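These notes are about the structure you will find just below.
Where a number appears in this text, it was derived from the coordinates with a stated rule and is not lab data. In this text the structure is predicted, and so the values were computed from the model without any measurement.
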Amino acid sequence: MLRGPEQDVHTWRHIELGQSGSPIYFNRRKDLALLLDGELFYQDELRSKLQKEEMSAADLILEAYEKWGEKFLQHLEGDFSLALLDKRNSKLLLARDRVGKKPLYWAEVGAIFFLVQN
């Protein structure tokens with residue numbers, strides 16, 4: 001993973017989430033971390049389903065994951081790719097929109113996992 005002085009890196013166990021551009025988003029307990037590239041459509045409908053007031057797209061995704069688990073993707077509409085690190089369940093979830101507009105590339109080289117979003 002390449003990173004410079006202006007880039008954030010979040011490390012948990014042997015997993016490092018780093019970024020250059022988009023920030024890393026966290027839930028309140030800091031046990032979920034999200035890298036997001038893109039946008040969500042119909043955010044008002046999602047807020048209504050979650051019974052939440054004004055929230056960013058990243059916060060909505062984190063709330064949706066907490067409410068519905070991996071089925072949260074069924075509730076998302078948009079143009080996005082994401083990486084969600086769930087520390088509680090020791091999972092790294094990679095996803096992109098149904099049409100696949102936003103690229104999401106990954107590779108595993110030995111013990112190193114690389115992830116690239118556009």
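Worth pointing out:
- Rg over Rh, two decimals, the stretch 9-117 (C-alpha only, Kirkwood Rh): 0.95
- Once you divide the Cα radius of gyration of the stretch 66-115 by 2.2 N^0.38 Å, the number left is 1.27.
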